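Below: one structure, written as structure tokens.
The values are calculated or read from the model by the stated rules, or taken from the named source; none is laboratory data. In this text, all values refer to a predicted model and were calculated from it rather than measured experimentally. Here the Cβ is made from the backbone with ideal geometry for all residues, glycine too, and neighbour counts use every protein chain on show.
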Amino acid sequence: MTTLVIAEHDNAELKGATLNTVTAAAALGADVHVLVAGSGAQAVAGQAAKVAGVSKVLLADAPQLADGLAENLAEQVLALAQGYGHILFPATASGKNVAPRVAARLDVAQISDITAVDAPDTFQRPIYAGNAIATVQSVDAVKVITVRTTAFDAATAEGGSASVETVAPAADSGLSAFVGREVAKNDRPELTAARVVVSGGRGLGSAENFKLLEPLADKLGAAVGASRAAVDAGYAPNDWQVGQTGKIVAPQLYVAVGISGAIQHLAGMKDSKVIVAINKDAEAPIFGVADYGLVADLFQAVPELTAAL
Amino acid sequence: MKVLVPVKRVVDYNVKVRVKSDQSGVDVANVKMSMNPFDEIAIEEATRLKEQGAAAEVVAVSCGVAQCQETLRTAMAIGADRAVLVQTDADLQPLAVAKLLKALVDKEQPQLVILGKQAIDDDANQTGQMLAALLGWPQATFASKLVLSDGKATVTREVDGGLETVALKLPAVVTTDLRLNEPRYVTLPNIMKAKKKPLDTLTPDELGVDVAPRLKTLKVSEPPARSAGIQVPDVAALVDKLKNEAKVV
């Protein structure tokens, strides 16, 4: 049975999360098709067709699919679901929004946030904020899955030559309407795809002080993240949040500044390759996962580090 | 208008769970249990809607063991008017819970269901979306703002890279994100009052729902441990390690 991957995109560009999901799909051992559902998204379908390992791209293009409304996107997937043994979404805000709708309508369980494929019906997934790893087996005919993108390498974006087939778009449900979007303007790399992440916690003390991280992030070409405590305190926007209920990151280098290291935060970053922690409290749990710990006043250490790099 | 708020009893967010040595699951015996934090936000939001006059009644629901009554009493202490427990000792997975909730929605006919976006035990993030799909209702997940007017819910959602606003026709399902509100502290007088509020108990059989699990847990294991790192004395030593040992800068 073929595997269907639902592409993440903004109608102009295929998002990197799709590439990681294709790798997870390839591990199932069947042909991989990619669905691009959008509006004016022909270019995205073209990009998806070039991804190594993809054998066919399905393009559903219509105004009602422009904004990824869960109701319409789920109908689109359901209209095509027959014949697929696995339906994979990246575990992004959009994938998490839509996948359970598809699973419920197919009357199957969804397997959330898989980090490994043990067999076509057996997967590993973190539970309890990553403090335990469950190996689960699905007894359903169709497996609807969201993929933790940091757990799978990105498929090569070039070299494939899949065909693009246009499919009939699903009708507008009329139940919901898109009103607007406020996208934070940001020249930095995307948090979940960045090679380096510099994150701040409550130790920064204020939104003003949080800006101290920017020169360091600039120097390192890093994305900026934040702990839930920092977000709750209003120092940083919510979409910077790294942790169990925020984003899951696994960069080459993660620099935790003024972060104590609550379980919820560690859940989001402990798979990073190298972790640096700067905190004045030597007992902070973040030092338990850090490769390099520096017990110091961050207001001195961060500018000093920025200058030294 | 009636608002239904499902709440889940979970291991308290401050507890670091331990995997059982036979890998059959995590050890939850004698561990502090609390209401799932996102569900607390859901109950708070429903209570505020009632206080603003936008909702007439708030009904809290929980599915699970008899001790979920405590969670429902907390929900009523925050502000729910009454509660329903669907009592079972079975292992309930999100699809089964969504089916139980659908049966209750058919019975109670709320215009709005507010749920937490994710439970912090199984981290599934599915139940609200599944319920909306089974009901054929629109949904707004990860809500940071909710406004009701003219038979519509206008919801601001936390999405990757920023915020998005959608308008839903009621009835609808909304799931909460962290910044929707800050739940109030439960006061002693309200805890006392909550003890007198009605709490009905049903079973999955009475609701005609098959709750058999669809996912078999083969084992639960410890995550790979990180090897212990080192303390560096100063910034210069840190930079040296990053450049010459880790080679990441």
Scanning segment A:110-132 residue by residue, the ones that are at pLDDT 95 or above, closer than 23 Å to A:Gly246 by Cα and either acidic (Asp, Glu) or in a loop (DSSP other than H, G, I, E, B) (or both) total 2
Taking segment B:149-165 and the residues there that are part of a strand (DSSP E or B) and of a type outside the set (Val, Ile, Thr), the one that is farthest from the other protein chains (Cβ to nearest Cβ) would be B:Ser149
Taking segment A:182-204 and keeping residues without any contact (Cβ under 8 Å) to a residue 24 or more places away in the chain and either in contact with a Lys or Arg (Cβ under 8 Å, 6 or more places away or on another chain) or part of a strand (DSSP E or B) (or both) leaves A:Glu182, A:Val183
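For (1) more than 13 Å from every other protein chain (Cβ to nearest Cβ); (2) touching a helix residue (DSSP H, G or I) at 6+ places or on another chain (Cβ under 8 Å), each residue gets a yes or a no:
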position: A:Glu165; (1), (2): yes, no
position: A:Ala168; (1), (2): yes, yes
position: A:Thr192; (1), (2): no, yes
position: A:Gly201; (1), (2): yes, yes
A careful count of residues in segment A:271-300 that are in a helix (DSSP H, G or I), touching a residue at least 24 places away in the same chain (Cβ under 8 Å) and within 10 Å of chain B (Cβ to nearest Cβ) gives 3
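This table checks each residue for (1) of a type in the set (S, T, N, Q); (2) loosely packed, with under 15 Cβ neighbours inside 10 Å.
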position: B:Ser21; (1), (2): yes, yes
position: B:Asn30; (1), (2): yes, yes
position: B:Ser34; (1), (2): yes, no
position: B:Pro37; (1), (2): no, no
position: B:Ala46; (1), (2): no, no
position: B:Gln52; (1), (2): yes, yes
position: B:Ala60; (1), (2): no, no
Among B:Ala132, B:Ala140, the single one that is out of contact with any Pro (no Cβ under 9 Å at 6 or more places or on another chain) and in contact (Cβ under 8 Å) with a residue 24 or more places away in the chain is B:Ala140
The residue that is nearest to A:Asn131 (Cα to Cα), considering only those in segment B:105-122 that are among the β-branched types (Val, Ile, Thr) and outside any strand (DSSP E or B), is B:Ile120
Note: among B:Gly136, B:Gly208, just one is more than 12 Å from chain A (Cβ to nearest Cβ) and exposed (fewer than 13 other Cβ atoms within 10 Å of the Cβ), namely B:Gly208
In the set A:Gly160, A:Gly174, the lone residue that is in contact (Cβ under 8 Å) with a residue 40 or more places away in the chain and either in a loop (DSSP other than H, G, I, E, B) or in contact with a His (Cβ under 9 Å, 6 or more places away or on another chain) (or both) is A:Gly160
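The rows are residues; the columns are (1) at positive phi; (2) modelled with pLDDT of 95 or more; (3) not acidic (Asp, Glu).
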residue: B:Gly151; (1), (2), (3): yes, no, yes
residue: B:Val155; (1), (2), (3): no, yes, yes
residue: B:Thr165; (1), (2), (3): no, yes, yes
residue: B:Thr176; (1), (2), (3): no, yes, yes
residue: B:Glu206; (1), (2), (3): no, yes, no
residue: B:Lys219; (1), (2), (3): no, yes, yes
The residue from A:Gly246, A:Gly225, A:Gly258 that alone is surrounded by 23 or more Cβ atoms within 10 Å (Cβ to Cβ), more than 12 Å from chain B (Cβ to nearest Cβ), within 28 Å of B:Asp121 (Cα to Cα) and under 21 Å from the mean Cα position of the chain (by Cα) is A:Gly225
Going through segment B:212-249 in order, the residues found to be assigned to a strand (DSSP E or B) and either touching a residue at least 40 places away in the same chain (Cβ under 8 Å) or under 30 Å from A:Arg125 (Cα atoms) (or both) are B:Leu215, B:Lys216, B:Thr217, B:Leu218, B:Lys219, B:Val220, B:Ser221, B:Ile230
Quick one: is A:Gly83 more than 22 Å from the chain's Cα centre (by Cα) and modelled with pLDDT under 95? yes
Only one of (1) of a type outside the set (Ser, Thr, Tyr); (2) buried (at least 24 other Cβ atoms within 10 Å of the Cβ); (3) at the interface with chain B (Cβ under 7 Å from one of its Cβ atoms); (4) under 29 Å from A:Pro126 (Cβ atoms) does not apply to A:Gly268, and that is (3)
Exactly one of A:Gln137, A:Gln64 is facing another protein chain (nearest Cβ under 8 Å) and either at pLDDT 95 or above or part of a loop (DSSP other than H, G, I, E, B) (or both), and that one is A:Gln137
Test B:Thr217 against the criterion of being in contact with a Ser or Thr (Cβ under 8 Å, 6 or more places away or on another chain), facing another protein chain (nearest Cβ under 7 Å) and over 30 Å from B:Gln23 (Cβ atoms), and give yes or no. no
Residue pairs within 7 Å by beta carbon, gap of at least six or interchain, first lying in segment B:200-211 and among the acidic types (Asp, Glu), second surrounded by 13 or more Cβ atoms within 10 Å (Cβ to Cβ), listed first then second, are B:Asp200/B:Val84
Taking segment B:16-46 and keeping residues in contact with a strand residue (DSSP E or B) (Cβ under 6 Å, 6 or more places away or on another chain) and not in a loop (DSSP other than H, G, I, E, B) leaves B:Arg18, B:Val19, B:Val26, B:Asp27, B:Met33, B:Phe38, B:Asp39, B:Ile41, B:Ala42, B:Ile43, B:Glu45, B:Ala46
